[in-house]
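The values are calculated or read from the model by the stated rules, or taken from the named source; none is laboratory data. Computed from a predicted model, the values in this text were never measured in an experiment. Note that we place each Cβ from the backbone using ideal geometry, even for glycine, and neighbour counts take in every protein chain shown. Heavy atoms of the whole protein, side chains included, go into the accessibility calculation; ligands, DNA and RNA do not. Shrake-Rupley method; radii C 1.70, N 1.55, O 1.52, S 1.80 Å.
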Amino acid sequence: MPGALSFLVTNVLAAGWAITTAFELASPTLSAKLMWDDAEFLFIAFLSVSVLTMVLDYTGRRPWIAPRNFLLLCVIPLLTVVFTWTNEQHLLMRTDAWLDTSGPYPRLAWSSGPWFLVHSAYSFLLLATSLGLLVKAIAGSPAAHRRGPLVMLLGLLVPVLWNLLDLVHPQTLPATDLTPAVFSVAGFIFAWGLFRSELFALVPIARHTLVESISDGILVLDGAGRIADANTAACEIVGAPRESLLGRPVEEVWEQWPQLAGPCSQGVSLASLTLDSGNHWRKYEVKITRLHRRERLLGQLFVFRDVTERAVMEENLRVQALTDGLTGLGNRTMFMNKLGEALRQAQRHPERSFAVAILDLDHFKQINDTVGHLAGDVLLQHVADRLTHAIREIDTLARLGGDEFMVLLDGIDDREDLIPVLDRIQREVQRPTLFHGQEISTTTSMGVVIWDPSYLDPEDLLRAADTALYQAKEAGRDCYRLFDEQMHRSVLVATRVETELRAALGRQDFCLLYQPIVDVTTGQVCSLEAFVRWKDAKRGLVPPGDFLELAENTGLIVPLGELILDLVCRQVKHWRGHDTPAASLGVSLNLSPRQLLETDLVGAVLAHIAEWRIPPGGLIFEVTENALLKNPAKARRTMAELCSMGMHVCLDDFGVGFSSLQHLTTFPLHEVKLDRTLVARLPHSPADLEMARSVINLAHSLGLTVTAEGVENGVQWRTLSDLGCDHLQGYYLCPPSLPAELARVLEEWDQRLGTETVRRKTDLPLKDAAESGRGLRRPWLKLVHERPGPDPSA
């Protein structure tokens, strides 16, 4: 116990002082009394050092009592003993001594020397330090732990005050020094403190508060694996009272011990323990500490910390990370983990195959737009539930996002095993869902791939299934397509082209061709359209039809579009700086849906026109209706910002597919371009002729300019002119050309246009020529190719 040893020494010194004092009082002669008085200082000199040592140990300051410090404390007491026993030579302790016979019995009286004063001051300094440390310990201890320091303070204070009073005012006390007797009173106080206040019981108190009351379980095993100690929490974990555990081998009394036996044998310091009682479970983090003494293993200490709440939270986070919040199905992360495991199993056991299917609900966006997003969510939940019942227990279902689902079909070896499952899935999805009394139904398109050893990566399987899904959508939806060899070759080609396209973007291996757009009334070139070409070392100039769709699907269209914008601005700057025929012409360039909707297009345009210092009116942006349908609000906002900066916006490829006349009024436009497929059927298709007439008339009524692209012959030229089309573009006029060749074409164009104007003035009045549909609209405008050919500028 802290302070116990020094407490024993203090009591021995006090007892020695009391005994020698008794002998001194009983001695009849002066010499005998002086001898016993000298013997008293053997105990008195070291008593204050012993008291200070006891207090330092008791208050937790044992490091202060290092051997060197202790010896320094004993220097003055040793000198006191020496000077006492040699006093006759120097009189430092007593200058004079005599027998006082004024009382009932003779007693020793003496006058103190200078060293006695040093001894007294030093002793009281040590005692005062001890009392101060006890006061500080009382003030800094909890209320339950103050009784011990208070008893010790009281026991020391009584003899100290008595002795101090004896030195300062001896006349107020009896003639005989009763300090040793007063120490007996202090002894009774200390005795009471030992038995009633547990003076030195800090260790049991700490053991009870820190071990018994702690929430962590503490279990101690001896070297033989027997339970040496266990607190209340550990007994609850083991499930038995302490009396039945102590001294028993742990493997005999605890069924869950095997969970910790392995980590103990492996020498680890941290393990986990799970206790499952059926109705509930608890998880513990176990810290294992090996107890050594002099390099010998005495036992092991186990501290059990309950981490159930943390484990539950981690499990919830894990579930959330792997689960779709709307449907409760697994998400893409979970599916990829399962798919990766299935792929590894199949690679180890090639005889066991599997299939991957991607499902996409047909026209799901229309349900969201017409019935509402809440109805769409309800439909997704019902579809998820039906898909769960449509697949087998060994299969894995997940939601990719939006209206796409993924299924991992285990044990599928060929098409015959696959078809029944796919048919069942389609039937389940087609079942109507009731939402607020209204039936909602949908169908699904599916792309499926069966694993074979050529697939080495989960992403390859998903890419193949996605390719098959695309084919199913192209086939009219509500069907499934199995990934086959032809699709495989297409994927390989697409992968190769994508790799080459990325490299070409890094090297900027692209150039632009420009095609004139002619004003029907004047015959003059009014603007140009830029067409991108890929400069490939093997294939030459690659037309956009061979790579633009791939660029759109892979997202490469965004950096490609920015490169095209930069090339156009650079070329416009060059033309304007060299005063060429193209200097005053606007240049139109096509915008992809991703450029319009997924990027800061306006910011990029502003940055480029500021860098190249070109007027905003020199740029014309062409957008397709597909871009408008994906996000009408953002498309309208972006187009309005472009128009507000002075740029022109044109609706491209109008008149085919899902063209809507409403788009002409709801979006900010300057121009409409008739699609080349509509122009190609003129004038032989009466329906297309009337459609072209209606579009042109409506656009004119809205103040829009109409341009027809893909003009291949003079008949189309005259027909569109008669319909009132404003501008024409196509191979019949001029194919897309490089800038150098375009400059020559425009110069010849201006020369021939001037010659034709002079000839018209002599042959036919301009008004008559315009009204007759001939003269101004004759095919002299063909400057490069005399025979019309296919137009690859799409």
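What to note about this one:
- Taking the DSSP beta bridges with both ends in the chain, the antiparallel portion is around 75 percent.
- Beyond 28 Å in Cα-Cα separation lie the following of the pairs LYS573/LYS673; LYS573/LYS634; LYS473/LYS634; LYS338/LYS630; LYS365/LYS634; LYS573/LYS630: LYS573/LYS634; LYS338/LYS630; LYS573/LYS630.
- Sparse-neighbourhood loop sites, trypsin sites (Lys or Arg not before Pro) in the range 359-402 - DSSP loop, at most 15 other Cβ within 10 angstrom: ARG392
- Helices in the chain that qualify as membrane-span-like (whole DSSP H runs, Cα extent of at least 15 Å along the helix axis, mean Kyte-Doolittle hydropathy of 0.5 or higher) are 4-26, 30-58, 75-85, 114-139, 147-168, 179-195, 601-612.
- Cα gyration tensor category, rounded, prolate or oblate, for the range 571-639 with a/c compared to 1.5: prolate
- Per residue, the range 505-608 exposes 41 Å² of accessible surface when a 1.4 Å probe is rolled over the protein heavy atoms with every protein chain present.
- Legend: calculated FRET efficiency, ARG352 to TRP281, from the Cβ-Cβ distance at R0 = 60 Å, rounded to 0.05, equals 0.95.
- Mean-position separation - Cα centroids, the range 674-719 and the range 521-567, in angstrom: 25 Å
- Rounded accessible area of GLU341 (nearest 10 Å², 1.4 Å probe): 80 Å²
- Rel. contact order, % - alpha carbon contacts under 8 angstrom, at least six apart, the chain: 6 percent
- Whether the range 2-105 is rounded, prolate or oblate, judged on the alpha carbon gyration tensor where a/c under 1.5 counts as rounded: oblate
- Expected 222 nm ellipticity per residue - DSSP helices of 4 or more, -39500 (n - 2.57), all of the chain, to 500: -16500 deg cm²/dmol
- Legend: Rg and Dmax of the chain, from Cα coordinates, 51.8, 171 Å.
- Two-site FRET efficiency, SER584 against ASN631, from Cβ-Cβ distance with R₀ of 30 Å, rounded to 0.05: 0.30
- Solvent-accessible area of ARG637, all protein chains in place: 130 Å² (probe radius 1.4 Å, heavy atoms, ligands and nucleic acids excluded).
- Protein accessible area in the chain, 1.4 Å probe - carbon and sulfur %: 57 percent
- Net charge of the neighbourhood of ARG226, taken over other residues with C-beta under 12 Å away and scored Lys/Arg +1, Asp/Glu -1, is -3.
- Estimated vicinal HN-Hα couplings, Hz - the range 617-624 in sequence order (Karplus 6.51, -1.76, 1.60; Gly, Pro = x): x, x, 10, 10, 10, 9, 10, 9
- Between the amide H of ASP478 and those of THR444, SER445, distances stay under 5 Å, these residues lying 5 or more places away or on another chain, with hydrogens modeled in the peptide plane.
- Shape class for the range 368-449: prolate, because the ratio a/c of the largest to smallest gyration tensor axis (alpha-carbon atoms, square roots of eigenvalues) is 1.5 or more and a/b beats b/c.
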